[in-house]
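Here's the structure we're looking at; comments come further down.
Each reported figure results from applying straightforward, stated rules to the coordinates on display, with no laboratory input. Fair warning: this is a prediction, and the values are worked out from it, not measured in the lab. Counting neighbours? That spans all protein chains shown, and the Cβs are built from the backbone with ideal geometry, glycine included.
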Amino acid sequence: MSSEDRKPDRTILRGLQAEQRYRPLGLLGEGAVGRVERVYDAHLGRIVARKTLREELVDRPGSIRTFVHEARILACLDHGGVIPIFDAQINEAGLPVYTMREISGRSLMQVLQMDRRTARVEPLSLGRTLKIWIQLCQALGHAHGRGVVHLDLKPQNIIVLPHDEVVLVDWGAASIYDPEGYARAQAQAEAFLPLDVREFQSDEFIVGTPRYMSPEQTVSARSTLVPASDIFSLGILFYQMLTGEIPFRGESLEELLFHVRETPITDPRERVPGIHARLAQLVMQMLEKDPEQRPRDLDAVLGELESFRGLGGAFPLRHFEAGRPIFREGEDAQRAFVIVEGEVEIWTEQGGTRQVLGRHVSGETFGELALFSGEPRSACATALVATAVREISRSALEAETGGLSPWVRSVLSGMAERFVDRSDRLIELLGDPPEN
């Protein structure tokens with residue numbers, strides 16, 4: 001090997017020496033404190049988002065404090081539901097900036113088609129709502145575990161990505177409620193002393209958005225607020241997504257805040273009777289005026305949500321009077337059913353004669369074979385007595401089985417097809433005339 005071959009090729013380092021590291025590609029959005037734009041990172045060859053403090057605010061200590069505080073809060077968090085920050089610096093114009101991962105999605109406000117004036121929304125399916133809730137609880141729970149409370153939860157600050165992945169943004173109002181927890185997360189090695197982010201944290205009163213504030217948030221300094229405040233705000237969001245409305249209203253800010261502090265919450269089932277009692281109870285608990293009466297933490301909320309899903313509560317409950325058909329032969333199979341109470345008869349009609357194929361009682365499933373096989377219904381189902389069933393839609397079933405391997409799904413489909421074939425053969429035999 002010649003000496004020339006042993007020399008390092010420094011041309012590959014040119015990208016890291018570019019004088020202008022970030023090249024603007026267009027504005028993404030503007031807020032009260034900063035503007036966010038797409039930029040090309042010439043050093044690493046990627047597109048990122050860059051947030052810059054508004055130029056007219058550079059001489060305001062409070063604005064600078066808020067900007068730097070948010071950057072350092074983001075640097076402390078490491079969760080898929082929080083945008084990762086890459087770096088922070090002073091740009092060529094002397095303005096503080098920080099870069100972060102660019103995300104592409106819609107705000108939850110847009111997804112819910114929220115009316116800005118009334119805050120009314122179009123509720124999503126319960127399955128989709130639960131998926132969003134659980135991700136929000138996980139992201140907030142991570143922050144709480146690192147000593148941080150968000151304090152500005154609202155649909156505008158929640159970004160819904162493709163496949164309903166959720167990212168919680170705008171941490172400008174966040175607070176360090178547990179300095180020790182924050183320090184443990186920040187100091188990765190004993191050789192480095194963690195930065196005291198509280199020196200950048202103002203102690204303003206009334207931070208956040210009034211519609212989503214906790215009672216204590218309307219009267220207390222930011223430094224006194226703890227995770228229970230976020231839990232209350234999350235309860236308001238849950239209430240809104242379940243009923244289509246926020247729980248508190250007012251003609252003025254003073255009236256609104258009075259209701260938040262003093263007015264008892266209306267049970268969500270009084271607004272939407274079909275809401276499951278267990279979910280309504282959870283939301284009511286999250287909206288207790290006394291922080292000590294709310295769930296102890298978001299792990300408790302997550303446990304209740306997961307338990308609710310595990311018990312099938314996420315699936316709609318339908319009631320059928322005695323003699324009412326549940327589905328008919330030949331229909332496209334879009335749902336399977338689990339009997340909560342009552343009795344169902346499965347039957348077909350052969351030559352004008354009703355042939356009973358079987359009966360199902362509480363705890364049993366019916367209608368699932370056609371759902372798995374994709375074939376039309378081969379029989380009818382009728383409620384023999386007053387009956388309540390949980391409906392499991394095709395999309396819900398696909399979502400629940402989506403994590404299975406293709407081989408396991410193939411086995412399930414094969415089983416369903418064989419059962420359908422046997423059912424069809426049984427129906428043929430029942431319809432054959434007796435031999436002499």
Quickly work out the residue 299-to-residue 89 label distance, labels modelled 7 Å from Cα along the C-beta direction, and quote it in nm with one decimal.
4.1
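Relative to the present Cα-Cα distance, how much length would full extension add between residue 134 and residue 252 at 0.36 nm per residue of separation? Write out the running numbers ahead of the final one.
On the way: separation 118, 0.36 × 118 = 42.48 nm, distance 3.28 nm.
Answer, rounded to one decimal: 39.2 nm.
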Packing-wise, with mean Cβ within 10 Å as the measure, how do 347-356, 140-149 rank, highest first?
140-149, 347-356
Could you pull out every residue, at least 5 positions away or on a different chain, whose amide H is within less than 5 Å of the one on residue 28? Hs are placed 1.01 Å off N in the peptide plane, and Pro or chain starts have none.
36, 37, 38
Cleavage-rule hits, GluC sites (Glu not before Pro), the stretch 206-284, DSSP coil, Cβ neighbours within 10 Å at most 14
251
Per-residue HN-Hα couplings for the stretch 215-228 [Karplus 6.51, -1.76, 1.60; θ = phi - 60°; Hz; x = Gly/Pro]:
x, 5, 5, 7, 10, 10, 5, 4, 5, 8, 7, 10, x, 4
Residues with amide H under 5 Å of residue 225's amide H, sequence separation 5 or more or different chain, H placed in the peptide plane at 1.01 Å from N; which?
none
